[in-house]
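This report refers to the structure that appears directly beneath it.
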Amino acid sequence: MLNFEFQNPTRIVFGKDQVSQLSRLLPRDAKILFTYGQGSIKRNGVYDAVLGALKGFTYVEFGGIEPNPSYETLMKAVEIVKKEGISFLLAVGGGSVIDGTKFIAAAPFVAGDPWDILTGKAEVTKALPLGTVLTLPATGTEMNGNAVISRYSTKEKLAFSSPLVKPVFSILDPQYCFTLPDTQISNGVVDAFVHVMEQYLTYPVGAGVQDGFSESLLRTLMEVGPKVLHNKTNYTYAATFMWATTMALNGLISAGVPEDWSTHAIGHELTALHGIDHAKTLAIVLPGVMHVMRENKKDKLIQYGHRVLGIQNPSADNIDQIIAMTEAFFHAMQIKTRLSDYGVGKDTVQIIVDRFRQRNQLLGERADMGPEVIEKVLLSRL
């Protein structure tokens with residue numbers, strides 16, 4: 001196990017009707033920007049519940065944050081922050097709303113173009129505090145400092161990370177899963193599953209606790225995913241789903257271990273170019289990474305095959321079976337896994353490969369996935 005330091009200050013308030021705790025958690029003297037998406041919270045009652053909790057507080061609303069939060073929209077919110085003297089942000093929604101609000105929190109303090117924190121040209125040195133009410137389990141953003149932002153004008157989708165944008169608190173009510181469309185349940189389960197795989201499917205470093213926790217999360221998601229998809233109003237299933245997605249990316253299972261994230265980096269390009277849902281891009285790319293990088297990941301692939309998939313005495317000869325079983329799980333979650341399923345062809349593969357070449361960007365836990373390897377991964381998914 002490698003050296004590490006773990007710190008996560010986010011306060012989690014989990015359970016039924018916990019939005020009632022919002023008035024207790026918010027700072028009384030703050031001027032709040034209440035952010036949300038494109039209207040679903042107004043249809044499922046969450047909006048009214050939040051407004052009830054905000055009585056007596058000074059706040060401004062900002063709605064309309066997209067499923068892939070756009071730099072262009074978020075910069076309008078940044079202007080409101082500056083103009084209104086906002087001192088606290090409240091994000092109510094799924095990963096996109098929360099990610100976008102993290103950008104809003106950091107952007108006012110960036111000298112120059114705030115997009116620079118996405119390209120790595122600038123660091124986050126200061127941010128407004130924020131809290132969240134999670135309505136869609138998937139990304140784990142409610143308990144981490146990560147965010148992914150799109151710039152529609154240039155068809156880019158990039159990520160940034162800073163402990164300064166970790167939520168101060170997050171309210172998680174599994175009842176909010178009851179009204180989610182099937183596709184959002186499917187996406188949430190697969191997104192969390194691949195989050196775990198990116199931190200687990202690398203190479204052994206003697207991290208038995210992290211491996212065991214990761215394997216438990218993978219098994220849990222594979223078990224509860226189909227159940228919650230077909231019985232969304234079962235509170236136990238919904239609670240298990242919501243808690244697993246939060247645990248999948250809050251820093252615990254990545255402490256002291258190597259991480260990959262190549263599937264995400266490649267997947268972001270598919271979303272940027274074609275608007276494919278984030279989780280669906282992960283389901284396309286991960287089997288390709290497993291296939292092309294099978295030698296580097298052999299030990300952990302075999303371990304995953306035994307401990308998660310239940311294959312008795314697996315070996316390198318079982319890797320194709322392991323990949324097929326993983327892909328079958330995605331299919332069980334009603335997600336297609338080939339580029340051709342989304343009308344994507346070789347022309348897109350070339351654009352993506354060229355982008356990584358221009359950035360001189362290497363992916364993978366060993367930084368050994370260059371443009372040629374990325375091309376092989378994508379071509380294997382046509």
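Might you let me know whether region 210-225 holds any residue that is modelled with pLDDT of 95 or more, surrounded by fewer than 24 Cβ atoms within 10 Å (Cβ to Cβ), under 14 Å from P137 (Cβ atoms) and over 13 Å from the mean Cα position of the chain (by Cα)? Yes, some residue in region 210-225 is modelled with pLDDT of 95 or more, surrounded by fewer than 24 Cβ atoms within 10 Å (Cβ to Cβ), under 14 Å from P137 (Cβ atoms) and over 13 Å from the mean Cα position of the chain (by Cα).
As for region 153-170, it holds no residue that is under 27 Å from H230 (Cβ atoms) and either modelled with pLDDT under 95 or β-branched (V, I, T) (or both). Picking from residues in region 324-368 that are under 20 Å from the mean Cα position of the chain (by Cα) and acidic (D, E), the one that is farthest from K232 (Cα to Cα) is E365. Filtering region 309-328 to residues that are assigned to a helix (DSSP H, G or I) and without any contact (Cβ under 8 Å) to a residue 40 or more places away in the chain leaves A316, D317, N318, I319, D320, Q321, I322, I323, A324, M325, A328. The number of residues in region 331-363 being more than 30 Å from T154 (Cβ to Cβ), touching a Ser or Thr at 6+ places or on another chain (Cβ under 9 Å) and in a helix (DSSP H, G or I) comes to 1. Residue count for region 300-317, restricted to those that are surrounded by fewer than 19 Cβ atoms within 10 Å (Cβ to Cβ), over 26 Å from the mean Cα position of the chain (by Cα) and farther than 13 Å from M222 by Cα: 7. Only a single item in (1) under 15 Å from the mean Cα position of the chain (by Cα); (2) under 22 Å from M222 (Cβ atoms); (3) touching a residue at least 60 places away in the same chain (Cβ under 8 Å) is not met by T271, and it is number (2).
Given the criterion touching a residue at least 60 places away in the same chain (Cβ under 8 Å), assigned by TED's automatic domain parsing to the domain that holds L201 and not acidic (D, E), identify the matching residue among H331, H264, H306.
Every option except H264 fails the conditions.
Inside region 168-204, can you point out the residues that are among the polar types (S, T, N, Q), assigned to a helix (DSSP H, G or I) and surrounded by fewer than 23 Cβ atoms within 10 Å (Cβ to Cβ)?
Once the filter is applied, which keeps residues that are among the polar types (S, T, N, Q), assigned to a helix (DSSP H, G or I) and surrounded by fewer than 23 Cβ atoms within 10 Å (Cβ to Cβ), region 168-204 yields Q175, T183, Q184.
Scan region 216-249 for residues that are in a loop (DSSP other than H, G, I, E, B) and under 23 Å from D99 (Cα atoms) and the total you get is 2. Checked against (1) within 16 Å of T281 (Cβ to Cβ); (2) assigned to a loop (DSSP other than H, G, I, E, B), L378 passes all but condition (2).
The values are calculated or read from the model by the stated rules, or taken from the named source; none is laboratory data. Note that the structure is predicted; figures quoted are calculated from it, not measured. Reconstructed Cβ throughout: ideal geometry from the backbone, glycine too, with neighbour counts over all protein chains shown.
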